[in-house]
Amino acid sequence: MKYEPVIGLEVHAQLLTNSKIFCGCNAAYGGGHNTQTCPACLGLPGALPVLNRRAVEFAMKMILAVGGRVNPESIFARKNYFYPDLPKGYQVSQFDKPIGEEGAITFREDGADRSIGLIRIHLEEDAGKSFHPETVHEDHNTWVDMNRCGVPLLEIVSKPDIRSPKQAGLYLTRLRQTLEYLNICTGNMEEGALRCDANVSIRPVGQEKFGTRTEVKNMNSIRGAERAIAYEIERQTKLLESGGQVQQQTLLWDEKAQSAHPMRSKEESSDYRYFPEPDLLPLRISTAWVEDVRKSLPELPAARASRLASQYGIPDYDATVLTDDRALADYFEETVAHFKDGKKTSNWIMTEVLRVLKDNLISIQDFAVRPDALGEMLAMVEAGTISGKMAKEIFEQMVATGKSAKEIVATSGLTQISGDDALIPIIDAVIAENAGQVAMYRGGKAALFGFFVGETMKRSQGRANPKRVNELLRERLGEPAA
Ligand SMILES: [Zn+2]
């Protein structure tokens, strides 16, 4: 029997607010253990929550960016469960009345537009973090850090419309990109700023009814999420094919072992005994506020990609790569401000710049060659001051030293020789010293032309202008016999 996977994703994004969602504590990642806490986020008796307005605005940005609906009234609810990193014994979340509903994440897959619908987007607080510092304390205890308690999270829940691990990866990539463009989440999966849980089930192709689903957690990269989902689809398929049944449960992905282990049986929402948070009023959002936030939205990745393609005449593929990262797209546009040819600029960034970033594992923000310096160098190639080949060498030096192309050219003498006064003596010497090859070429061996170009370039130490060398050699050697 042939099976079809049915995948839904729940993504938790840590919002980049300065303070936590219900108190004034610092929400930044990485402070000393338990230093960023107060009675409210520790859940001490009598401490009351106050909602962070910025967190609400960030949630609205995301809802509007994906074409969703901001509900005029939403309710915070207590989700009750016991865990050592949850001092209150409940998490403040949203249940039957979330701040946002509907909307979709859209992306390109194999040349076609795909759209994965969203069920809901809601606000909630994060829990703390348990850890086992065995290298520091050999007591094998579980320690708990409450700094993360109360950090605002946005939960984005997709419809079960995803049909392959690859599609899940494309969905996550576009979702992360959107959060980054909105500047509301770092998108860093390794630090846990973006977490993805996948609900996975399979069903015979053609069957309407869903199979029993499992939830896979703990993936710390988009590639990891794709692998975990592929693993789970395969596990369920083997299970059904051998006559077994899928148990509803939560599995933890182990990236090292490339396998998933059962963590607990999966809870239903009724297990959490949700009820409205009595310490918070309903959240009411006016139409005027929604419109203000809508006006503040930046240009989003898909729109920017199509604008770059049409405005600068670059291929769709290049535009998509350049807009993957907002900072990279900014870099491209700033370079074009200094050197007008968008296509040549894009080519250079797509090959040379991205290669250096990849080799050195750095981001474009940390790249030594700034857009004005790259633009200046490209203009020097265009003017014929340096050749394309020299440009690569000069570029390496720019990367290594942070100097401009003009400075490097001035100190190293790396300019291109384009003038006939300098080129003709070199070419005449090459022709005079290779009489045998000249005779063979003129006799019909046309392929030897490259040999003369090579010799000329060698003699000029790579500095001769190849275009002019070609022209001069053709004039002097004449056409080979047919
Ligand atoms: Zn606090």
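The values are calculated or read from the model by the stated rules, or taken from the named source; none is laboratory data. Model, not experiment: these values are computed from the prediction. Methodologically, a virtual Cβ is constructed for each residue, glycine included, from the backbone with ideal geometry; neighbour enumeration extends over all protein chains shown. Accessible surface areas use protein heavy atoms only, side chains included; no ligands, DNA or RNA. Shrake-Rupley method; radii C 1.70, N 1.55, O 1.52, S 1.80 Å.
Can you work out which of the residues in the stretch 92-126 that are among the charged types (D, E, K, R) and outside any strand (DSSP E or B) is farthest from Met62 (Cα to Cα)? Spell out how you get there, then give the answer.
Step one: of the stretch 92-126, the residues among the charged types (D, E, K, R) are 96-97, 101-102, 108-110, 113-114, 120, 124-126.
Subsequent filtering for residues that are outside any strand (DSSP E or B) retains 96-97, 102, 110, 126.
Numbers: Asp96: 19, Lys97: 17, Glu102: 12, Asp110: 26, Asp126: 18 Å.
Checked the stretch 92-126; the qualifying residue farthest from Met62 (Cα to Cα) is Asp110.
When you look at Met60, is it away from the ligand (no atom under 16 Å from the Cβ) and touching an Asp or Glu at 6+ places or on another chain (Cβ under 8 Å), yes or no?
Values: away from the ligand (no atom under 16 Å from the Cβ): yes; touching an Asp or Glu at 6+ places or on another chain (Cβ under 8 Å): no.
It is false that Met60 is away from the ligand (no atom under 16 Å from the Cβ) and touching an Asp or Glu at 6+ places or on another chain (Cβ under 8 Å).
Out of (1) acidic (Asp, Glu); (2) modelled with pLDDT of 95 or more; (3) more than 27 Å from the chain's Cα centre (by Cα), the odd one out for Glu101 is which? Every listed condition holds for Glu101 apart from (3).
What's the total number of residues in the stretch 167-203 that are polar (S, T, N, Q) and over 11 Å from the mean Cα position of the chain (by Cα)? The number of residues fulfilling the criteria is 4. Which members of the stretch 287-312 meet the condition of being closer than 11 Å to Leu182 by Cα and either of a type in the set (Asp, Glu) or surrounded by fewer than 15 Cβ atoms within 10 Å (Cβ to Cβ) (or both)? Passing the criteria: Ser296, Leu297, Pro298, Glu299.
Would the stretch 457-469 turn up any residue that is in a helix (DSSP H, G or I), closer than 30 Å to Phe332 by Cα and modelled with pLDDT under 90?
Looking only at the stretch 457-469, we keep the residues that are in a helix (DSSP H, G or I), and these are 457-459, 466-469.
After this cut, where a residue has to be closer than 30 Å to Phe332 by Cα as well, the list is 466-467.
Imposing the further condition that a residue be modelled with pLDDT under 90 reduces the set to 466-467.
Scanning the stretch 457-469 turns up at least one residue that is in a helix (DSSP H, G or I), closer than 30 Å to Phe332 by Cα and modelled with pLDDT under 90.
Residues that are open to solvent by 10 Å² or more (accessible area, probe 1.4 Å) and without any contact (Cβ under 8 Å) to a residue 60 or more places away in the chain were ranked within the stretch 154-203; the one that is farthest from Leu16 (Cα to Cα) is Glu190.
Residue pairs whose Cβ atoms lie under 9 Å apart, separated by 6 or more positions or on different chains, with the first residue in the stretch 354-380 and at pLDDT below 90 and the second among the charged types (D, E, K, R) and loosely packed, with under 11 Cβ neighbours inside 10 Å, are Asn360/Asp366.
Hey, could you check the stretch 354-391 for residues that are among the charged types (D, E, K, R) and surrounded by 15 or more Cβ atoms within 10 Å (Cβ to Cβ) and say which is nearest to Asp420 (Cα to Cα)? Let's see the steps before the verdict.
First, the residues of the stretch 354-391 that are among the charged types (D, E, K, R): 355, 358-359, 366, 370, 372, 376, 382, 389.
If we keep only those that are surrounded by 15 or more Cβ atoms within 10 Å (Cβ to Cβ) too, we end up with 370, 376.
Details: Arg370: 35, Glu376: 26 Å.
So the residue we want is Glu376.
So is Phe82 among the hydrophobic types (A, V, I, L, M, F, W, C), more than 16 Å from the ligand (Cβ to nearest atom), over 25 Å from the mean Cα position of the chain (by Cα) and open to solvent by 50 Å² or more (accessible area, probe 1.4 Å) or not? Spelling it out, Phe82 is indeed among the hydrophobic types (A, V, I, L, M, F, W, C), more than 16 Å from the ligand (Cβ to nearest atom), over 25 Å from the mean Cα position of the chain (by Cα) and open to solvent by 50 Å² or more (accessible area, probe 1.4 Å). The residues listed here are Val151, Val92; of these, the one that is within 16 Å of the ligand (Cβ to nearest atom), under 26 Å from the mean Cα position of the chain (by Cα) and either farther than 30 Å from Asn52 by Cβ or not acidic (Asp, Glu) (or both) is Val151. If the condition is being within 11 Å of the ligand (Cβ to nearest atom), open to solvent by 30 Å² or more (accessible area, probe 1.4 Å) and in a helix (DSSP H, G or I), then the stretch 3-57 contributes Pro39, Leu42. If you scan the stretch 133-169, which residues turn out to be at pLDDT 95 or above and part of a strand (DSSP E or B)? Hits for the stretch 133-169 are Pro152, Leu153, Leu154, Glu155, Ile156, Val157, Ser158, Ile162.
Contact map, the stretch 320-342: residues that are within 27 Å of Thr106 (Cβ to Cβ) paired with residues that are hydroxyl-bearing (Ser, Thr, Tyr) and outside any helix (DSSP H, G or I), Cβ distance under 8 Å, separation 6+ or inter-chain. Pairs shown: Asp325/Ser363; Ala327/Ser363. Evaluating Thr214 against the criteria (1) open to solvent by less than 30 Å² (accessible area, probe 1.4 Å); (2) under 16 Å from the mean Cα position of the chain (by Cα); (3) modelled with pLDDT under 95 leaves one unmet condition, (2). When the stretch 403-439 is filtered for residues that are under 20 Å from Thr385 (Cα atoms) and in a loop (DSSP other than H, G, I, E, B), the ones remaining, listed by number, are Lys403, Ser404, Gly413, Leu414, Thr415, Gln416, Ser418, Gly419.
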